[in-house]
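Report on the structure given below.
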Ligand code: UDP
Ligand code: MG
């Protein structure tokens, strides 16, 4: 197919990024992109003047569009809305804080032209990433890969290129708990990886609070794996076996006329097992909670305003 008949959509979720938007658009325009492209911002319920800035830039630049949510739905859902609306033959997703270097876009496109439908990027950390964030991130990848079938490597980011075939599949996915890094592994298609040097945030602070990070990690595990449910069974077996040992110990103590240990041991055993039970019930509860939300089948996000023709 002729180069010029293809079009790319760059989707950028933004949450309180008013000070970064103009810069992102100008940095992208400095890069040589061999196809016509459009930039679609998804304003994820920002409370600063992101909306105003988006209106201004969408007015002045014909290739810039935005979709505004009625409230904050999270980064992963903003990506979903972007993909739902995108009409490009290729869709690039990137962050709105310039941590994902636009200069990598030509390489992503080259890989697509070589025949890859998914081009995943991997971040090589810059030195100033806070220790806490680095440690959390490393732990997260260890846990998720141990528990789930979606194998993700350290540093994988929501900066990627997807062919429209892949995006068509993602448009059909209707799940409230999205974790795209797992989804791109799960979906199949021909994929490859490229690495990049992470930049520091241009302006503002990370919008991933500790709470949001934990919730993303839990979603990553719970929506790609039922292994934690099996974990309940193993722990259950382990406890049953331990209680047999305790029973034998009690019998021996009884027959050897030793005083049966009183309060202390009873309390230790009781609290141990009730703790274990609560953990297991909790795990099951998490899955039931997810079923509950999924069964209600509410709209995943609500759009307040859109300048992009295709958004519903
Ligand atoms: N973001 C969003 N909704 C949120 C949180 C973040 O759309 O609830 C956007 C944010 O504006 C940025 C991207 O997602 O463009 C990544 O967020 P951030 O840079 O805060 O994450 P970090 O780089 O610290 O992991
Ligand atoms: Mg960032």
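The values are calculated or read from the model by the stated rules, or taken from the named source; none is laboratory data. Just so you know, these numbers come straight off a predicted model, no measurement behind them. Note that we place each Cβ from the backbone using ideal geometry, even for glycine, and neighbour counts take in every protein chain shown.
Of the residues making up region 64-77, at least one is away from ligand 2 (no atom under 16 Å from the Cβ), more than 18 Å from the chain's Cα centre (by Cα) and in a loop (DSSP other than H, G, I, E, B).
Just to be sure before I move on: is residue 242 out of contact with any strand residue (DSSP E or B) (no Cβ under 8 Å at 6 or more places or on another chain), at pLDDT below 75 and assigned to a helix (DSSP H, G or I) in the structure I sent? Before you say what the answer is, go through the steps one by one.
On the way: out of contact with any strand residue (DSSP E or B) (no Cβ under 8 Å at 6 or more places or on another chain): yes; at pLDDT below 75: no; assigned to a helix (DSSP H, G or I): yes.
No, not satisfied.
Of the residues examined, residue 172 is not one that is closer than 22 Å to residue 122 by Cα and either within 16 Å of ligand 2 (Cβ to nearest atom) or surrounded by fewer than 18 Cβ atoms within 10 Å (Cβ to Cβ) (or both). Among the residues that make up region 80-102, is at least one of them out of contact with any helix residue (DSSP H, G or I) (no Cβ under 9 Å at 6 or more places or on another chain) and at pLDDT below 95? Checked against the condition, which is being out of contact with any helix residue (DSSP H, G or I) (no Cβ under 9 Å at 6 or more places or on another chain) and at pLDDT below 95, region 80-102 yields at least one hit. Taking helices (runs of 4 or more DSSP H) as the structural unit, those lying wholly within region 123-222 and holding at least 2 residues that are within 11 Å of ligand 1 (Cβ to nearest atom) correspond to 131-147, 210-222. Count of region 1-20 residues, restricted to those that are modelled with pLDDT of 95 or more and in a helix (DSSP H, G or I), is 0.
Being within 15 Å of the chain's Cα centre (by Cα) and either within 16 Å of ligand 2 (Cβ to nearest atom) or farther than 27 Å from residue 33 by Cβ (or both) is true for just one of 132, 213, 183. Which residue is that?
Values: 132 fails: within 15 Å of the chain's Cα centre (by Cα); 183 fails: either within 16 Å of ligand 2 (Cβ to nearest atom) or farther than 27 Å from residue 33 by Cβ (or both).
Every option except 213 fails the conditions.
Of all residues in region 13-44, those that are within 12 Å of ligand 1 (Cβ to nearest atom), without any contact (Cβ under 8 Å) to a residue 40 or more places away in the chain and buried (at least 20 other Cβ atoms within 10 Å of the Cβ) total 2.
With respect to being out of contact with any strand residue (DSSP E or B) (no Cβ under 7 Å at 6 or more places or on another chain) and touching a residue at least 60 places away in the same chain (Cβ under 8 Å), residue 224 fits the description. Quick check: is even one residue across region 120-129 more than 16 Å from ligand 2 (Cβ to nearest atom) and touching a residue at least 60 places away in the same chain (Cβ under 8 Å)? Checking region 120-129: at least one residue is more than 16 Å from ligand 2 (Cβ to nearest atom) and touching a residue at least 60 places away in the same chain (Cβ under 8 Å).
Applying a threshold of 6 Å to beta carbon distances and a minimum spacing of six or more residues, or different chains, the list of pairs starting in region 85-105 at a residue that is touching a residue at least 40 places away in the same chain (Cβ under 8 Å) and over 17 Å from residue 29 (Cα atoms) and ending at one that is part of a loop (DSSP other than H, G, I, E, B) and away from ligand 1 (no atom under 15 Å from the Cβ) reads 85/308; 85/310; 85/311; 87/310; 88/7; 89/6; 89/7. Quick check: anything in region 96-117 within 14 Å of the chain's Cα centre (by Cα) and either within 16 Å of ligand 2 (Cβ to nearest atom) or part of a loop (DSSP other than H, G, I, E, B) (or both)? Looking for residues that are within 14 Å of the chain's Cα centre (by Cα) and either within 16 Å of ligand 2 (Cβ to nearest atom) or part of a loop (DSSP other than H, G, I, E, B) (or both), one finds none in region 96-117, hence no.
Could you tell me which residue of region 46-60 is farthest from ligand 1 (Cβ to nearest atom), considering only residues that are surrounded by fewer than 20 Cβ atoms within 10 Å (Cβ to Cβ) and part of a loop (DSSP other than H, G, I, E, B)? Ranking the candidates gives 49 first.
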